[in-house]
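First comes the structure, then the notes that go with it.
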Amino acid sequence: MSTINSFFGSGNNTVCSQIPNSNKTTIITSIYEGIPQTLILNVIVWIILILLFTLLRQQAWDFHRLGLVNSLSGKRWTQIFYAHGNNSEILNSLSNEMNSNHDPNFDMETNEQAAIRISRQPSVKDTGFFSWIIATWKLRKDQILKHSGPDAVHYLSFQQHLIVVMGIISFVSIVIILPINFQGNLSGDVNSFSHTTIANLDPESKLLWVHTIFAILFVPLVVLVMRRSSGRNAFKVAPTRTIMAVGISKPDCNRQIIQNYLQQLFPDIEIRDIQLAYNVKKLTEVAQEYEKVIEARIYCEQHRGSIKVKPNCFTCNTVEALEFYKAEEQRLCGEVARLRAIALNDALGIAFISVSSTGAAKQVIVHFKPTAVKDWKLSYSPLPSDIFWENLTPNTAKWYLRWIIVNAILFLFLFLFTTPAYLVGILRSMASKNEIIDNLTSQSALVTEFLPTLLLWSFTALMPVIVSFSETWLNHFTRSDYNYVVMTKTFGYLLFMILILPSLGLASASAFIEWSFKGANTNETYRFECVFLPDRGAFFVNYIITMAFIGTSLELMRFPDLIVYIYRLMTSRSEAETPFIRKSIVIEFPFGIHYSWQLLVFTMAVFYSVACPLITPFALLYLIMKNFNDKHNLYFAYGPSHMISQGGGKIHSTAVTMTKFSVVFLLIVLTGISYFRDGNKWSFRTIFTGMSLLLSLTLFGFMSPIKKCTTKPLPIIEDYTLPQPVYIADVFLNNRVMGNSPSHLSYGSSDVTESVTTSSPQRV
């Protein structure tokens with residue numbers, strides 16, 4: 001490992017080894033470690049991507065009305081991704097109108113009229129070429145809340161408070177700390193990036209106290225500002241009148257038995273409704289296929305004699321689509337009925353008990369005592385929209401085995417391929433074997449400076465996808481829990497891979513182990529004074545620039561969703577399945593992934609804010625552009641999200657708490673720099689910084705500092721004008737698949753599966 005060897009040295013060597021960069025050509029300029037060059041290249045790419053996005057969006061608007069009909073026939077792919085409104089509502093409404101009419105002679109003019117009428121419903125419209133920018137900028141909080149749900153409001157509030165914190169830190173870093181760093185003369189000249197860093201000051205300089213004081217002041221700054229984010233209280237302000245009872249035995253899985261038992265314990269509590277949870281995993285899978293076949297059959301009836309279908313992907317033979325889908329519909333109808341009967345006899349031991357008020361629900365949960373016969377566990381229920389009904393299965397040995405395997409694979413991936421520096425090392429090793437490629441990589445600034453930061457950004461984008469994909473195998477009960485695990489796990493991995501190990505000059509976790517054993521078995525010692533070198537600060541500045549311009553513009557383009565959409569179209573059996581594919585491609589905003597990205601950039605910027613002040617304005621720029629970009633996507637691109645229920649807001653409150661990592665790491669690095677630059681001795685400044693670190697950790701770990709400076713938690717106010725949510729699996733509420741009305745849904749005739757009363761409220 002050359003990366004490791006460059007940081008080993010003898011005791012007398014006072015110069016830290018660095019990768020040589022002489023004889024290197026530049027595209028634009030090489031000053032400040034290529035930061036201006038990276039900025040210019042990113043701005044050029046950003047302009048190209050924004051223009052491309054605007055053209056696609058304008059094209060989608062030009063065909064907005066007829067495009068809604070065409071989107072169901074597969075003629076306008078831009079409509080589903082770049083239209084000027086949230087297509088989930090439009091497509092669902094139009095699809096329902098189409099599917100409600102089973103007449104083969106269905107008039108297409110009715111569809112077009114419906115599309116035109118529905119397309120006029122979005123409250124925010126923009127018809128100009130760049131008017132989407134103004135429309136996004138003018139979006140109000142109440143509009144976002146009504147259209148995208150409370151999760152979007154808490155998420156944007158979190159971003160806005162991050163912008164305030166980073167704005168203050170940027171002002172201090174650029175106006176105060178940067179001029180102080182310039183007064184030194186230990187590193188480079190005025191055209192060198194290292195001249196702007198803390199390494200330029202003499203270790204004995206009294207000016208270093210300015211860095212220490214401001215680093216300590218950043219701790220209450222982050223705490224005070226972020227505690228005012230609305231997401232911090234999302235965990236506490238979600239009223240619910242429904243209790244989730246888990247651990248009910250098979251004989252007790254009967255609504256009448258549950259109601260009688262609870263009425264004996266709490267005679268003064270009015271029980272409004274009781275619903276049981278069933279194992280609907282297989283039923284859901286077949287029901288989705290059944291719904292796709294129904295839509296394809298309706299589509300074929302509107303295009304008689306013009307569509308062929310491949311019965312499977314392993315043959316090139318085609319048959320008449322209409323007859324094929326009719327036969328499939330008949331087969332799946334019987335399969336759905338069979339699986340429905342099986343599901344209704346496979347109760348999971350979970351019941352949702354709705355009472356008259358949140359106060360009554362709290363009274364039942366607090367005073368309920370499990371017994372040996374009825375060892376139930378009661379808690380507030382998440383909202384129905386937050387529940388993965390197909391995942392409501394008990395945690396068995398099989399689940400724990402899957403959990404161990406998934407996390408072991410993720411850990412091995414982290415251990416072996418921790419940072420992009422590992423991949424860059426492989427590329428350099430391969431290039432060294434070819435003289436032409438070696439000369440190109442050693443002399444081209446595009447390869448040596450721009451490519452590593454682009455590779456780092458690509459890896460940052462890939463890692464959350466890997467974590468998110470792995471978590472889908474674990475079958476989380478709720479969407480909020482899934483997003484929470486993705487956020488915390490991704491942030492931990494990215495923090496270790498992208499920030500900590502590269503700052504230590506190590507390419508991977510395996511390199512860290514190798515260094516540990518090598519240092520223990522030889523006379524070589526690690527040069528800790530070489531940790532957090534100025535050139536690494538420049539590398540992270542380039543990375544944040546790439547995140548701010550290329551990263552945010554690619555989020556607008558939504559290429560991953562487009563790739564998935566193209567893949568589904570290519571693997572579909574015929575064009576008749578396009579309407580179902582287009583409707584299913586609209587997903588909810590992945591809050592877990594986006595929270596982890598922002599927390600990483602914020603932590604990275606605060607981490608280097610004192611040592612490398614130039615990183616802060618680019619981090620501020622990233623947060624501003626990210627906020628604007630996400631506001632647009634939340635309103636125009638993604639479906640609404642409502643994970644906020646009792647416990648569902650944990651992702652928002654935890655994201656606020658995780659911002660404290662930034663100031664903790666800042667004090668750690670400042671203490672380390674002070675100790676090693678002072679000749680491995682404990683000076684008063686080092687002790688003062690270390691004590692501040694310990695005090696901060698104590699406050700964060702055992703107390704909630706400065707409680708009176710936070711906003712007051714919102715009171716739980718029940719709106720009795722709203723209907724009470726119905727806790728029934730989505731597959732049972734699908735009229736087209738099940739052929740039932742949600743308010744008259746019949747689960748069967750047995751005692752275990754009594755019918756839902758006709759007075760059950762509609763689901764919200």
Can you tell me which of (1) among the small types (Gly, Ala, Ser); (2) more than 34 Å from the chain's Cα centre (by Cα); (3) within 18 Å of ILE257 (Cα to Cα); (4) open to solvent by less than 60 Å² (accessible area, probe 1.4 Å) is the one ALA347 doesn't meet?
(2)
Show the residue pairs meeting these rules: Cβ distance below 7 Å; 6+ apart or different chains; first residue within the stretch 651-676 and farther than 19 Å from TYR155 by Cβ and of a type outside the set (A, V, I, L, M, F, W, C); second residue open to solvent by less than 20 Å² (accessible area, probe 1.4 Å) and not in a loop (DSSP other than H, G, I, E, B).
THR671/THR686; THR671/THR689; THR671/GLY690; SER674/THR686; SER674/THR689; TYR675/THR686
Search result, residues across the stretch 306-322 that are in a loop (DSSP other than H, G, I, E, B), open to solvent by 20 Å² or more (accessible area, probe 1.4 Å) and touching a residue at least 12 places away in the same chain (Cβ under 8 Å)
LYS310, PRO311, ASN312, CYS313
Among (1) modelled with pLDDT of 70 or more; (2) surrounded by fewer than 17 Cβ atoms within 10 Å (Cβ to Cβ), the one test that THR478 misses
(2)
Six or more apart or on different chains, Cβ under 9 Å: which pairs go from a residue in the stretch 267-294 that's over 15 Å from VAL364 (Cα atoms) to one that's in a helix (DSSP H, G or I) and of a type in the set (Ser, Thr, Tyr)? Could you list them?
GLN288/SER584; LYS292/SER584; VAL293/TYR325; ILE294/TYR325
Could you list, in sequence order, all residues of the stretch 187-240 that are at pLDDT below 85 and over 22 Å from ILE177 (Cα atoms)?
SER230, GLY231, ARG232, ASN233, ALA234, PHE235, LYS236, VAL237, ALA238, PRO239, THR240
PHE214 is checked against (1) part of a helix (DSSP H, G or I); (2) surrounded by fewer than 16 Cβ atoms within 10 Å (Cβ to Cβ) and fails just one. What number does that condition carry?
(2)
Pick out the one residue from PRO715, PRO705 that is farther than 30 Å from GLU289 by Cα, modelled with pLDDT under 50 and open to solvent by less than 50 Å² (accessible area, probe 1.4 Å).
PRO705
Looking only at the stretch 129-141, which residues are assigned to a helix (DSSP H, G or I) and open to solvent by less than 90 Å² (accessible area, probe 1.4 Å)?
SER131, TRP132, ILE133, ALA135, THR136
Considering only residues that are surrounded by 13 or more Cβ atoms within 10 Å (Cβ to Cβ) and assigned to a loop (DSSP other than H, G, I, E, B), which ones fall in the stretch 367-399?
PHE368, LYS374, TRP376, SER381, PRO382, LEU383, PHE388, LEU392, THR393
Pair list, Cβ < 6 Å and 6+ apart or interchain, from the stretch 356-383 residues that are more than 16 Å from ILE274 (Cα to Cα) to residues that are not in a loop (DSSP other than H, G, I, E, B):
PHE368/LEU378
How many residues of the stretch 256-285 are crowded, with 21+ Cβ neighbours inside 10 Å and over 38 Å from the mean Cα position of the chain (by Cα)? The answer is 1
Given the criterion small (Gly, Ala, Ser), at pLDDT below 85, at negative phi and out of contact with any His (no Cβ under 8 Å at 6 or more places or on another chain), identify the matching residue among ALA152, ALA114.
ALA114
Given the structure, is PHE607 out of contact with any Asp or Glu (no Cβ under 6 Å at 6 or more places or on another chain), surrounded by fewer than 22 Cβ atoms within 10 Å (Cβ to Cβ) and aromatic (Phe, Trp, Tyr)?
no
If you take the residues of the stretch 581-597 that are modelled with pLDDT under 85 and crowded, with 17+ Cβ neighbours inside 10 Å, which of them is nearest to THR490 (Cα to Cα)?
GLU588
Being β-branched (Val, Ile, Thr), within 30 Å of PHE589 (Cβ to Cβ), at pLDDT 80 or above and surrounded by 15 or more Cβ atoms within 10 Å (Cβ to Cβ) narrows it down to one residue among THR654, THR710, THR689; which is it?
THR654
If I filter the stretch 35-59 down to residues being open to solvent by less than 40 Å² (accessible area, probe 1.4 Å) and among the β-branched types (Val, Ile, Thr), which single residue comes out as farthest from PHE559 (Cα to Cα)?
ILE35
Right, VAL246: touching a helix residue (DSSP H, G or I) at 6+ places or on another chain (Cβ under 7 Å) and either at negative phi or surrounded by fewer than 21 Cβ atoms within 10 Å (Cβ to Cβ) (or both) or not?
no
Looking at the stretch 286-294, can you tell me whether even one residue there is surrounded by fewer than 19 Cβ atoms within 10 Å (Cβ to Cβ), in contact with an Asp or Glu (Cβ under 8 Å, 6 or more places away or on another chain) and either among the acidic types (Asp, Glu) or part of a helix (DSSP H, G or I) (or both)?
yes
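The values are calculated or read from the model by the stated rules, or taken from the named source; none is laboratory data. Predicted model only: the values in this text are computed from it and were never measured. Backbone-built Cβ (ideal geometry, glycine too); neighbour counts: all protein chains shown. The accessibility values were calculated without ligands, DNA or RNA, using every heavy atom of the protein model including side chains. Shrake-Rupley method; radii C 1.70, N 1.55, O 1.52, S 1.80 Å.
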